[in-house]
1. Could you grab me the full set of residues in the range 42-83 that are basic (Lys, Arg) and modelled with pLDDT of 95 or more?
2. For the list (1) of a type in the set (Gly, Ala, Ser); (2) under 24 Å from Ala203 (Cβ atoms); (3) within 17 Å of the chain's Cα centre (by Cα), I need the number of the one condition that Ala28 fails.
3. Tell me, which helices (runs of 4 or more DSSP H) wholly within the range 159-214 include 3 or more residues that are touching a Pro at 6+ places or on another chain (Cβ under 9 Å) and surrounded by 16 or more Cβ atoms within 10 Å (Cβ to Cβ)?
4. With the requirement that a residue be of a type in the set (Val, Ile, Thr) and in contact (Cβ under 8 Å) with a residue 40 or more places away in the chain, what does the range 20-44 give you?
5. How many of the residues in the range 76-112 are within 14 Å of the chain's Cα centre (by Cα) and surrounded by fewer than 22 Cβ atoms within 10 Å (Cβ to Cβ)?
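The values are calculated or read from the model by the stated rules, or taken from the named source; none is laboratory data. Computed from a predicted structure; not experimentally measured. Because the Cβ atoms are built from the backbone with ideal geometry, glycine has one as well, and the counts that use them run over all protein chains shown.
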Amino acid sequence: MSDGTAPRCRLYLISPERIEHPAIFAEALRAALECGDVAAFQLRLKDASDDAIGRAADTLRPVCQQRGVAFFMNDRPDLAKRYDCDGVHVGQDDMPYADARRIVGESRQIGVTCKDSRHLAMEAAEAGADYVAFGAFFPSTTKTVTTPAPLDILRWWSELMEVPCVAIGGITVGNCRPLVEAGADFLAVAGGVWNHPDGPEAAVRAFNAILTGS
């Protein structure tokens with residue numbers, strides 16, 4: 001998820017939990033991606049069938065990849081490989097990193113949820129994860145927060161490790177600054193973009209204004 005420029009915090013979009021009409025959502029995604037820098041997009045459809053996930057992936061992946069945005073599949077290394085995603089994000093309850101790597105091969109990226117655990121993050125990084133994700137930092141509308149994460153974990157990680165870290169959980173334009181200042185490499189945002197009162201395009205612009213210091 002690097003663009004080769006000097007490191008700074010970047011936006012990592014996560015899809016809404018439900019996408020009823022991928023072609024319609026593709027237009028919203030395209031418009032949002034054209035309003036500012038986005039490093040990655042993760043397709044996270046928790047209750048959808050494999051076929052529905054596949055249709056969404058085939059529709060949305062080109063929108064992302066044509067704009068240099070990495071396209072990640074949530075939870076499912078098998079679907080990430082089948083639908084030619086750039087990577088997969090796995091949680092602690094989904095699949096061990098080593099098993100995910102065997103499925104997707106060496107060319108795709110793998111991110112690992114580490115919640116509030118320094119130990120899990122160290123294990124994931126040592127195993128070869130391309131990024132580790134900490135959170136939730138704020139109450140989330142997309143999942144129950146069982147392990148609130150402290151800002152200190154971002155400071156500790158950024159000072160110690162070169163593997164990028166992603167901050168996740170209830171992040172909005174209004175509350176993201178402390179995460180950026182603490183050293184997050186990426187902000188993973190779902191509702192903070194798709195439910196923004198002025199729309200996703202305005203949200204991407206506003207996030208990027210903060211991330212670039214403008």
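1. Within the range 42-83, Arg44, Arg55, Arg61, Arg67, Arg76, Lys81, Arg82 qualify.
2. Exception for Ala28: condition (3).
3. Details: elements: 177-182, 191-194, 200-211.
Qualifying helices (runs of 4 or more DSSP H): 191-194.
4. Step one: filter the range 20-44 for residues of a type in the set (Val, Ile, Thr), giving 24, 38.
The one that is of a type in the set (Val, Ile, Thr) and in contact (Cβ under 8 Å) with a residue 40 or more places away in the chain: Val38.
5. If we filter the range 76-112 for residues that are within 14 Å of the chain's Cα centre (by Cα), which is where we start, we get 85-91, 109-112.
Now restrict to residues that are surrounded by fewer than 22 Cβ atoms within 10 Å (Cβ to Cβ): 86, 91, 109.
Number of matching residues: 3.
Residue by residue, here is whether (1) within 17 Å of Glu17 (Cβ to Cβ); (2) touching a Gly at 6+ places or on another chain (Cβ under 6 Å) holds:
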site	(1), (2)
Ile168	yes, yes
Ile171	yes, yes
Ala184	no, no
Trp194	yes, no
